[in-house]
Amino acid sequence: MTHEVRAVVARKQGAPVSVETILVPEPGPGEALVQVRACGVCHTDLHYREGGINDAFPFLLGHEAAGFVESVGDGVTDVAPGDFVILNWRAVCGSCRACRRGRPWYCFATRNATQPMTLLDGTALSPALGIGAFAEKTLVASGQCTKVDRTAPAAAAGLLGCGVMAGFGAAVNTGGVGRGDSVAVIGCGGVGIAAIAGAKVAGAARIIAVDIDERKLAKAERFGATDTVDSSRTDPVEAVRSLTGGFGADVVVEAVGRPETYQQAFYARDLAGTVVLVGVPIPEMKLELPLADVFGRGGALKSSWYGDCLPSRDFPALIDLYLQGRFDLGAFVSEEIGLDEVESAFDAMRRGDVLRSVVTL
Ligand code: APR
Ligand code: ZN
Ligand code: ZN
């Protein structure tokens, strides 16, 4: 049986998205059909719509989602109908070199569902990040589903599927923030704020939020920043050093993706500190550094991919922290909206008004 459902489609580059009826097939071998309950609106959805990722239009947008498994295809044993799941970008193979060596986030053979979801005329849709969850139902590889505590509200839970995990994991998994550490986070959008929340959970003593927008700094304080630096007025490197006894932070998370903020991150760390780059630059950008400084500073320069997360380990653990009141995942949800409000949510995102708009179904 094919399922007819409502979904948000980007048909043409730069054009407003539309709510359309699409066709979702029954799950085949290794696939799961998911009834979506919530899906956050992420910058990446807007990048797809603007043609910034690739030109495989039409796209089925949405990729920060939670919902219930409705049915599964042959051979699926990891999830079952009725499970409450958070979706991740790609199922890992489990057997390539990266998987065998415990770095599945670099898996060489990740996969999504193989059957296409289509428009009513049969045109295949490209699901954003292999998910496509601004839809009443979506089809994914079963390995993209991670079962979590079903008492968690879906709007918050879904956010772990992308931006919040990327930021939280950048601080905790990639940066290895530990008790008593000093942490600076440059860029306090959704990703940076999640890094701040992660640093707090990990027991950081000092969390310095850096942004050029005062509104973001106020939000950062609500999520655990102990100090804020408006880098449109103050040199952030000097400010971080003076807040850390002249040394720099043990861990600096860069969550902007620009040369000047990469440079600030490089110099704001303690000599033996760790810089974690999670802000994604555009391909033309370059960073020039004196080799003497590269050599003269120890520590580590790391980039973080999807928060270096293991969905099966991290999604249930973060949901438990949330349900225990130790991590305010719910505070990332600025508003709950309908499928027909995704375009206006993009506008709110561009204005910097929201941490996350979440489509709930
Ligand atoms: N210095 C400090 N902060 C800056 C600067 C700057 N020069 N330029 C922009 N910012 C701040 C913005 O004010 C905003 O608060 O960076 C933040 C960026 O936040 P968002 O646009 O909401 O982006 P977000 O979703 O948090 O993602 C940040 O991480 O995963 C990547 O692709 C993502 O590159 C993006 C980055
Ligand atoms: Zn693999
Ligand atoms: Zn995303």
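The values are calculated or read from the model by the stated rules, or taken from the named source; none is laboratory data. As the structure is a computational prediction, the values presented were derived from the model and not from experiment. Virtual Cβ from ideal backbone geometry, glycine too; neighbours counted across all protein chains shown. Surface accessibility is based on the protein's heavy atoms, side chains included, excluding ligands, DNA and RNA. Shrake-Rupley method; radii C 1.70, N 1.55, O 1.52, S 1.80 Å.
What is the distance in Å between the Cα centroid of the range 203-261 and that of the range 34-79? The distance from the Cα centre of the range 203-261 to that of the range 34-79 comes to 33 Å.
If you count Lys pairs in the chain whose Cα atoms are under 21 Å apart, skipping same-chain pairs closer than 8 places in sequence, the total is 5.
Each other residue within a Cβ distance under 11 Å of ARG150 adds +1 if Lys or Arg and -1 if Asp or Glu, for a net charge of 0. Between LEU139, LEU159, LEU119, the Gaussian network model of the chain with springs among Cα atoms under 10 angstrom shows the greatest mean-square fluctuation at LEU119. Only Cα sites of the chain enter the Debye sum here, all with the same form factor; the resulting log10 I(q)/I(0) across q = 0.09 1/Å is -0.49, listed in q order. Annotation: for a label point projected 7 angstrom from Cα along Cα→Cβ of ASP74, residues of the range 1-30 with backbone N closer than 11 Å are 28-30.
Positive contributions from Lys and Arg (+1) and negative ones from Asp and Glu (-1), summed over other residues with Cβ under 12 Å from the Cβ of ASP353, come out at +3.
Taking the alpha-carbon centroid of each part, what is the distance from the range 128-171 to the range 292-342 in angstrom? Measuring centre to centre over Cα atoms gives 12 Å.
Using the heavy atoms of the protein chains and a 1.4 angstrom probe, tell me the accessible area per residue for the range 170-228 in square angstrom.
35
Each DSSP beta bridge with both residues in the chain is either parallel or antiparallel, and the antiparallel ones are about 55%.
For trypsin sites (Lys or Arg not before Pro), the sites in the range 40-124 that DSSP calls loop and that have at most 12 other Cβ atoms within 10 Å are ARG101.
Would you mind working out the magnitude of the charge dipole of the chain relative to its Cα centre, with +1 at each Lys and Arg C-beta and -1 at each Asp and Glu C-beta, to the nearest 20 Debye?
The calculated dipole for the chain is roughly 920 debye.
Full extension of the chain segment joining ARG326 with THR21 gains 105.8 nm, where the gain is 0.36 nm per residue of separation less the Cα-Cα distance. Atom-type composition of the exposed protein surface of the range 272-314 places 64 percent of the accessible area on carbon and sulfur (1.4 angstrom probe).
A DSSP coil position with no more than 12 other Cβ atoms inside 10 Å describes none of the chymotrypsin sites (Phe, Trp or Tyr not before Pro) in the range 234-338. Each of ARG351 and GLN13 was given a label point 7 Å from its Cα along the Cα-to-Cβ line. The distance between the two points is 2.9 nm.
I need to check one value: relative contact order of the range 29-134, counting alpha carbon pairs closer than 8 Å and at least 6 residues apart, in percent.
Relative contact order here is 32 percent.
Residues in the range 63-68 carry Karplus couplings, in order, of 7, 10, 10, 9, x, 10 Hz; the curve used is 6.51 cos²θ - 1.76 cosθ + 1.60 with θ = phi - 60°, and Gly or Pro positions show x.
Taking the accessible area of the range 66-171, probe 1.4 Å, and keeping the other protein chains in place, the carbon and sulfur fraction comes to 51%.
Extension gain, GLU288 to SER312, is 4.8 nm, computed as 0.36 nm per intervening residue step minus the present C-alpha separation. Adding -39500 (n - 2.57) for every DSSP H run of four residues or longer, then dividing by how many residues the chain holds, sets the calculated 222 nm ellipticity at -7000 deg cm²/dmol.
If one puts a single equal scatterer on every Cα of the range 3-104 and applies the Debye formula without solvent, what log₁₀ I(q)/I(0) results at q = 0.17, 0.20 Å⁻¹? With one equal scatterer per Cα and no solvent, log10 I(q)/I(0) is -0.96, -1.15. Structure remark: mean-square fluctuation, Gaussian network model of the chain, C-alpha springs under 10 Å; the largest value among PRO283, PRO311, PRO25 belongs to PRO283. For ASN54 and ASP340, the FRET efficiency from 1/(1 + (r/R0)^6), where r spans their Cβ atoms and R0 equals 30 Å, is about 0.70.
In this structure VAL278 has an accessible area near 20 Å², from a 1.4 Å probe over the protein heavy atoms. Just in the range 268-361: which trypsin sites (Lys or Arg not before Pro) are loop by DSSP and have at most 14 other Cβ atoms within 10 Å? Listed in order of number, the matching sites are LYS286, ARG326.
Take the chain, mark every one of the GluC sites (Glu not before Pro) that falls in a DSSP loop and has at most 10 other Cβ within 10 Å, then report the longest stretch left between them, sites excluded. That gives 1-283 as the longest site-free run. Once the chain from TRP305 to SER95 is taken as fully extended at 0.36 nm per residue, the excess over their C-alpha distance is 73.6 nm.
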